[in-house]
Amino acid sequence: MATTVIAAVTGAAVAALVFAGAMFAGWPEAPPAPPVPVQVSSAGIDELAARLASLESKAGKPVAAAPVDPATAGRVEALEQSVAALRGELDGLRAGAEKLAAEVNDVKSAPRETAPPSPDLSGINERIAGLERAIRTQKAELTQESAKPVDDVPLRRIVAAGLLDVLVRIGDPYPAALAAAKSLAANADELKPLDQFAASGVPSPANLCRELLTLVPKLSPPAPATATTGSGIVERLEAGAAQLVRIERTDTKGNDRDNVVARVTAAALRNDVNEARRELNTLPPGERAAAVGWIEKADGRDAALASSRQFATGAMSALAKPAL
């Protein structure tokens, strides 16, 4: 831009000099006067040539540049640098485009390779189809299962088992509870020990011991025969007292019949069924014959309690297992 300004100023100066020379030479010419014969001399021509050469030499000299604003000059210089940088970038882009076009042409002209054969996906498709069929089958089965009415057998079993166990332990009759438990039990034979006491209830230890005390006289050995005849009054009094009162020791040791019966009596008074049964089993079969029914009842009570507890425990374990 500075070059353009300088050129404009120079052109204006030259035009001014030319116009001044023309004015000096008499241009524009005066209206034409009547033609007067002009006398041309060689001296005048030489003078005009010298003046023209002087004007030409002055026009060829460079005109001094006008003072330029430093800020304007800086902006002009920055613009020139930006234009130069843009030209460089444009040249680089043009070169890259030409290179890319050449590469594209090379790729187009190169012979194409044969495409690889597509992989065989038939096996994978069959496996996917099989999985889809299996999923649909499972969904149909789940739908059928969900449509069925819910019958929570484990829950009903544990309720029946809990009620039965309570009735068994407090000694109340339990025929209805036993029937319900058998209908829900996986093996009804496990509840057979409870049949013996279903109508009357399982006897308590106190009831069993009271019953055993009524059998103790039958377990005791017969009293020795005492002579009822005698002349003395003392003999007759002793015989009568022996028939009315019989004193037995309950802290005796030994395995003879009297001692065993004494210990059985002491256990019955303490409501200790297990101790009384253990002592009775030490007697010979003939001597404990009167208590055989009592021993069977005590064994049946233990079996009934064990059966009820086992059934309740099994029902609780089945309820804790996750449903299949």
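Taken together, the values in this text are just the output of simple stated rules run on the coordinates, not laboratory data. Quick caveat, the model's predicted, so the values are computed rather than measured. Here the Cβ is made from the backbone with ideal geometry for all residues, glycine too, and neighbour counts use every protein chain on show.
Across the range 80-85, coupling constants 3J(HN,Hα) worked out from phi with the 6.51/-1.76/1.60 Karplus curve, θ = phi - 60°, read 5, 5, 5, 4, 5, 5 Hz, and Gly and Pro carry x.
Using 32 Å as the Cα-Cα cut-off, could you pick out the over-long pairs in Lys182/Lys321; Lys182/Lys218; Lys139/Lys192; Lys139/Lys321? Let's see the in-between values first.
Details: Lys182/Lys321 21 Å; Lys182/Lys218 40 Å; Lys139/Lys192 43 Å; Lys139/Lys321 24 Å.
Exceeds cut-off: Lys182/Lys218; Lys139/Lys192.
The simple spin-label model puts a point 7 Å past each Cα toward its Cβ; for Ala95 and Asp258 those points are separated by 13.9 nm.
Solvent-free Debye calculation, one equal scatterer per alpha-carbon of the range 274-323: log10 I(q)/I(0) at 0.17, 0.28 Å⁻¹ equals -0.61, -0.99.
In this simple spin-label model, placing a label point 7 Å from the Cα along the Cα-to-Cβ direction at both Ala78 and Glu275 gives a separation of 11.9 nm.
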